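*Asks:* Supplied in structure tokens, the structure appears directly below.
Since every read-out is calculated from the coordinates, none of them should be taken as a lab result. Quick caveat: nothing in here was measured; it's all calculated off a predicted structure.
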Amino acid sequence: MAGSDLLHPVVLHHVVNSLQWPALRPLQEAAVQPLLDGDDALLLAPTAGGKTEAAMFPLLSRMAQENWSGTSVLYVCPLKALLNNLLPRVESYTGWLGRRAALWHGDVTMGRRRTILRERPDVLLTTPESLESMLVSATVDHDEFFRHLRAIVVDEVHAFAGDDRGWHLLAVLERLSRVAGRPVQRIGLSATVGNPEELLNWLQGSGRGQRPRGWWHRIWRSQRDPPVHRLVRSSWTTWGRCTTRRR
């Protein structure tokens, strides 16, 4: 069965009719089943390679199929400008299902923040620093706000892993998992890197070696035939101390 056939019917309808896509890209097709299964993932593709959709379409399908409530998905980026650019797309995708997305970072007004706290969006786009501020703020009931959290998408994850902000991000993710009271699915989006297993292991944090999951996808362009994209998938089903694991 094709990955697209596993998407929620409403999501698939809008992919075909609203976006007018003839098909999903290879990365997007391959990501559907593992993300529906709740696996952690590292999705690798060039800029404009469809990584956001590869993550969001399966998560929105799970949201509808499993009737997630509250703020169940966080979309984390290193830059406010990137979040601002992504918001209209994510709002459109969540709107297909009658769900909502919202933006929270340092430029968001206090009035808008109060609205978000009162009318919790299904998907919140934010930065690690803003998440930490929410977790320590006396005006945010973070136990209540994040208790429905199911998945976190980290865009430009390679940029986080390369500097001190990455360790701050991991600390925030660990605290969010404790607040949610469950393992939270982690999905990293990145440009092509040479050490995908190591990057996925890093993103898993303290769950590495404890939660049986882990897979990564990479799209690469053939040097002999530049227009052709190929999908390389590696998956592991061992538990133990293997550096990558699948749930």
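*Asks:* Per-residue HN-Hα couplings for the range 130-135, Karplus 6.51 cos²θ - 1.76 cosθ + 1.60 at θ = phi - 60°, whole Hz, x for Gly and Pro?
*Replies:* For the range 130-135, the Karplus-derived couplings read 5, 4, 4, 4, 5, 5 Hz, x marking Gly and Pro.
*Asks:* Rounded to whole Hz and in sequence order, give me ³J(HN,Hα) for the range 50-62 from the Karplus expression 6.51 cos²θ - 1.76 cosθ + 1.60, θ = phi - 60°, writing x for Gly and Pro.
*Replies:* So the Karplus estimates, Gly and Pro as x, are x, 5, 4, 5, 4, 8, 6, 4, x, 5, 5, 5, 5 Hz.
*Asks:* I've got another one for you. If you find the alpha carbon centre of the range 1-58 and of the range 177-203, how far apart are they in angstrom?
*Replies:* About 18 Å separates the Cα centre of the range 1-58 from the one of the range 177-203.
*Asks:* Over the range 40-235, calculate the relative contact order: mean separation of alpha carbon pairs under 8 Å at least 6 apart, over the residue count, as a percent.
*Replies:* This gives 30 percent for the range 40-235.
*Asks:* Now for a different question. With θ set to phi - 60°, apply the Karplus curve 6.51 cos²θ - 1.76 cosθ + 1.60 along the range 74-83 and write out the HN-Hα couplings as whole Hz, x wherever there is a Gly or Pro.
*Replies:* Per residue, the Karplus-derived 3J(HN,Hα) values read 10, 10, 9, 10, x, 10, 4, 4, 5, 4 Hz.
*Asks:* Under a 5 Å amide H to amide H cut-off, with H placed in plane at 1.01 Å, what residues pair with His148 once short-range neighbours are removed?
*Replies:* For His148, the qualifying residues are Thr71.
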